[in-house]
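Notes follow once the structure below has been shown.
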Amino acid sequence: MTTTIDARSSWPLIVIAAVLVVLFVPFSSTVMGVRYTYTLRTVAIGGALLGAVSGAIGSFAVLRKESLLGDALSHAALPGVAVAFLVAGRELGALLVGAGLTSLLGVAAIRVMTGYTRIKEDAAMGIVLTGWFAAGIMGLTYIQGRPDASQAGLDSFIFGQAASIVRSDVFLLAAVSTVAIVLLITFWKQFKLITFNAEFAGANGFNVTLWSALLSTLVVVAIVMGLQLAGVVLMVGMLIAPGVAARQWTTKLEAMVPLAAIIGAAAGGIGAVLSAVDRNLPTGPMIIVTASAIVAISVLFAPQRGVVWVVLTRWRDARRFAMRTVLRDVYHYVHDHSASVAGVPDSFIAGVRGRPGRRALNRLLARRMLRKTIDADTGTRWNLTETGQRVASEDARNQSLWDMYREAGLRLDLPVIAEQRDRDIRALLPPQAIDALTDLLGDKEGEPRVRY
Amino acid sequence: MAHQGEHNRMTDNNGGGGNAALLALEIEDLTVAYHSKPAIWDVDLTVPQGVLMALVGPNGAGKSTLIKAVLGLIPRAAGSVSVFGKPYERARDLVGYVPQRGSVDWDFPTTVLDVVTMGLYGGLGLLKRPGKRERELAMYALEQVSLQDFAGRQISQLSGGQQQRTFLARALVQDARLYLMDEPFAAVDAVTERAIVTILKELQHRQRTVVVVHHDLQTVTDYFDWTTLLNVEIVASGPTDTTFTEENLRKTYGGSIATVNAIAGGDS
């Protein structure tokens, strides 16, 4: 039984997450003995910025089911690096522009393939991902074969090279991130609507192609900025992981995106700091591992959507319904056989309901709803206690009212409500409606329905 | 029939405005092709103002395609669409759209009220955000579909019927003059179906024009005063009394005469 609850406010959670991230700084320097050198500060701030912006943008990719598109696009950036190097030499700006251009070309190729042919999106993405990436590897290998020292380290774009980040890179990252976030906030309603229901957006005059293209461009911008730090292979983790984790904890887009930004910043910053604990730990992969760890925690422990919650709820529901069912069994049995029996034989419940039934009997005994009598002649028998009698007859009456509502609700023109038989109908319908149903019920009130 | 009478009354009311003013929707020579096959072919269709119209036809007849082509959601190979005498592109705000319920991911992180508010996004312009006024209008629309108690609920927790009513509220909040609804009765229970019919009749009562893609032939005469039979081409269109006939149904559905007979038999 899923509980019906209103969307929660997620702001306390977001604040707590933000505070935890900030507290990590003194924790790491005092407990873990991390020294915040100039390089580490630069890399950590860069990682946090990158994580925040790609987490926010990536949330939309997650909701649009375009996670794999992000992967294809980041791989598609690699040939751009090679071509830009051949054209303009080792100039970071040029390399990033080249990366962005081939990545956008990748988006275009995927859109053309899926829009004009019957090729499915996953196949189109697979082809672009491998085709563009292979071209990039070829280009880089060719460049490395040339007698030219300036190409050294160009292959760091594959897996990222955090140490190469300098302060000016962080300023650039901050500027671009600000622009991206401002765009995201300004055109929030457009992005939200095309993500939830593109057809409806189109029918309401929104240019879906344009807004989708802008969103894809923002994804490409995030990828390009992440190339130095995470590299083309791992960048998709930066995009997707924060959104996936944030979705577990929140129920509104307005909360999910900020939380994803914080989780991304946490992964980027904390990952960078953790990799500084030992000089042999690579930064980019450490950031992605940190992000994945946050995803793992969220998938396991988030309320309502987490694995632990789901498993516990199932187990609790099974127990609750078994108890109810067995209580009904006893009530009906006693009713049918009137006072002529000294209770329900143990073997009857066990025979009808099996092991879960026997467990339910013992739980009802512990809750003082059933009484157990053991007699040498008649064997073990079960009877309702006063509490059990009250609960069971209440339940029977409630079910009878629900039956009557289903049967006569339309005829009597009662308010239309969804049938939730595990709930008290008197809490869901106005008193007059209950009176009308009770009148109809007449003498049959609370009479058990036979259903063994 | 009562609905037919209502329709006549309304056309009379508007009679002075010239013939073009009577038409809520006018489609001329509309053709849509998928991979060289026509999904709808050379469709001419006029829908008078104030009718409640069923768009009926077999699977693959192009019912949804027709609606989407009218809305400009899929490219038209040929043809033009006017709404209340103006080209659709200039009269877009007069048209409300209820897409198929299955066309969205109901696990999207948002609330019922939020979804209904989305109906007003189109009127807000490029930069304005929905505010208190929009939420109030959305709340009012939710009351019209009896979902006011569900306003704050996550949409993932709605039943199919509640999802459909949420979509209806999102269209109602737009206060459009012509509504295009893609299978609002698909997979809803009898209670929800009755609730939706009430909403549709109420719309008609307020002189709105409603076009509904419909599958259940048994209920066409009960619910709709206007019927269009479509199978790639228009087979027949007009008042349900004269259009929804055994012969027209046979022309639309072809060989499956047993079904058609059953409907016709059930009708009389």
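Treating the beta-carbon of each Lys and Arg as +1 and of each Asp and Glu as -1, no other charges, what is the dipole magnitude of the range A:310-384 about its Cα centre, to the nearest 20 debye?
That gives a dipole near 620 debye.
Grab the beta carbon distance between A:Val416 and A:Phe187, set R0 = 41 Å, and tell me the FRET efficiency rounded to 0.05.
Efficiency computed from Cβ-Cβ geometry: 0.55.
Could you run the numbers on buried accessible area between B and A, total for both chains, 1.4 angstrom probe, in Å² to the nearest 100?
Chains B and A together bury roughly 3500 Å² of accessible area.
Run the reach check for B:Lys251 against lysines, Cα to Cα strictly under 30 Å, same-chain hits fewer than 8 apart removed. What comes back?
Straight-distance partners of B:Lys251: B:Lys37, B:Lys63, B:Lys68, B:Lys201.
Quick one: if you stick a label point 7 Å off each Cα along the C-beta vector at A:Tyr116 and B:Lys128, how many nm between them?
The answer from the label model is 4.0 nm.
Estimate the FRET efficiency between A:Ser168 and A:Ala408 by the formula 1/(1 + (r/R0)^6), using the beta-carbon distance for r and 56 Å for R0, to the nearest 0.05.
Numbers: r = 77 Å, r/R0 = 1.37.
With a Förster radius of 56 Å, E is 0.15.
What FRET efficiency, computed as 1/(1 + (r/R0)^6) with R0 = 35 Å and r the Cβ-Cβ distance, is obtained for B:Gln207 and A:Leu428, rounded to the nearest 0.05?
That pair, B:Gln207 with A:Leu428, gives E of 0.45.
Once you order the gyration tensor axes a ≥ b ≥ c over the Cα atoms, which shape class does the range B:173-233 get: rounded for a/c under 1.5, otherwise prolate or oblate by comparing a/b with b/c?
oblate
Rounding to the nearest 20 debye, state how big the charge dipole of chain A is about its Cα centre with +1 on each Lys and Arg Cβ and -1 on each Asp and Glu Cβ. Walk me through the intermediate numbers first.
Details: 43 positive and 32 negative charges, 161 e Å.
So the dipole magnitude of chain A works out to roughly 780 debye.
Which residues, if any, in the range A:236-253 have at least 40 Å² less accessible area in the whole protein complex than in the isolated chain, probe 1.4 Å?
The answer is A:Arg247, A:Thr251, A:Lys252.
Taking loop as defined by DSSP and a crowding limit of 12 other beta carbons within 10 Å, which trypsin sites (Lys or Arg not before Pro) in the range A:36-92 fit?
A:Lys65
Give the shape of the range A:1-133 as rounded, prolate or oblate, defined through the alpha-carbon gyration tensor: a ≥ b ≥ c are the square roots of its eigenvalues, a/c under 1.5 means rounded, and otherwise the shape is prolate if a/b is larger than b/c and oblate if not.
Cα axes put the range A:1-133 in the oblate bin.
Put +1 on the Cβ of each Lys and Arg and -1 on the Cβ of each Asp and Glu in chain B; which of B:Ala33, B:Thr252, B:Gly131 then has its Cα farthest toward the positive end of the dipole?
Checking the options against the dipole of chain B, the answer is B:Gly131.
With every protein chain present, what is the per residue accessible area of the protein assembly as shown (1.4 Å probe, Å²)?
45 Å²
How far apart, in nm, are two points set 7 Å out from the Cα along the Cα-to-Cβ line at A:Leu92 and at A:Leu23?
3.4 nm
Rounded, prolate or oblate for the protein assembly as shown? Axes are the square roots of the Cα gyration tensor eigenvalues, ordered a ≥ b ≥ c, and the cut-off for rounded is a/c under 1.5.
Oblate, since a/c reaches 1.5 and b/c is not below a/b.
The values are calculated or read from the model by the stated rules, or taken from the named source; none is laboratory data. Bear in mind that the values here come from a model prediction, so they are computed numbers and not experimental data. Methodologically, a virtual Cβ is constructed for each residue, glycine included, from the backbone with ideal geometry; neighbour enumeration extends over all protein chains shown. Note: accessible area is taken over every heavy atom of the protein model, side chains too, but ligands, DNA and RNA are not part of it. Shrake-Rupley method; radii C 1.70, N 1.55, O 1.52, S 1.80 Å.
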